[in-house]
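No value in this document is a laboratory result; all are computed from the given coordinates. It should be emphasised that the depicted structure is a prediction, and the values quoted were computed from it without experimental measurement. Every residue, glycine as well, gets a Cβ built from its backbone with ideal geometry; the counts of neighbours run over all protein chains shown.
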């Protein structure tokens, strides 16, 4: 059985590696043939169309014989319920089953038929995740407003200067994309970071 692995994290390269390794171990135990791995370090707030690796994966599974997509959790497939369900629908139309590791559920049966219980669970889980993200954003925004109303300033202290190592560590996603040969302009689109920040990181890794 041919499978692909889809992994996305927001910041940590280490977390990405852990997800991929655990999914590879799972594939080995199940005697799956991993034909490709698609890894992303990108904000979960990005639209699916703005995620290069996800777009590459969709193109790959439509052009090659793939039986199953393995991912760690549902949020890896979209920023909201509509995007996740749209992606799963595309998998269903191509008779490709989706396996979600942290819930141990699959979208298709062994006969390539839609698993109604899994579909129902996925709708509930994606809706709950979306609601949690909205609540977190609201709490952060509220916290900033209270902090500012009490005279607080957001940002680094005057005279503070970050070390080269700290800058590279903070922008691991940019470092990885630069080393993959991605242009500054495309990195800006992928990470939503400024040209100045990316150029600074570029100079540091070229030292």
| query | How many residues does the range 187-198 hold that are free of Cβ contacts under 8 Å to residues at least 24 places away in the same chain and either surrounded by 13 or more Cβ atoms within 10 Å (Cβ to Cβ) or closer than 23 Å to residue 17 by Cα (or both)? | reply | 3
| field | Residue identified as surrounded by 16 or more Cβ atoms within 10 Å (Cβ to Cβ) and more than 22 Å from residue 16 (Cα to Cα) among 96, 105, 114, 82 | value | 96
| request: Scan the range 168-186 for residues that are in a helix (DSSP H, G or I) and within 20 Å of residue 16 (Cβ to Cβ) and jot them down. | output: 168, 169, 170, 172, 173, 174, 175, 176, 177, 178, 179, 186
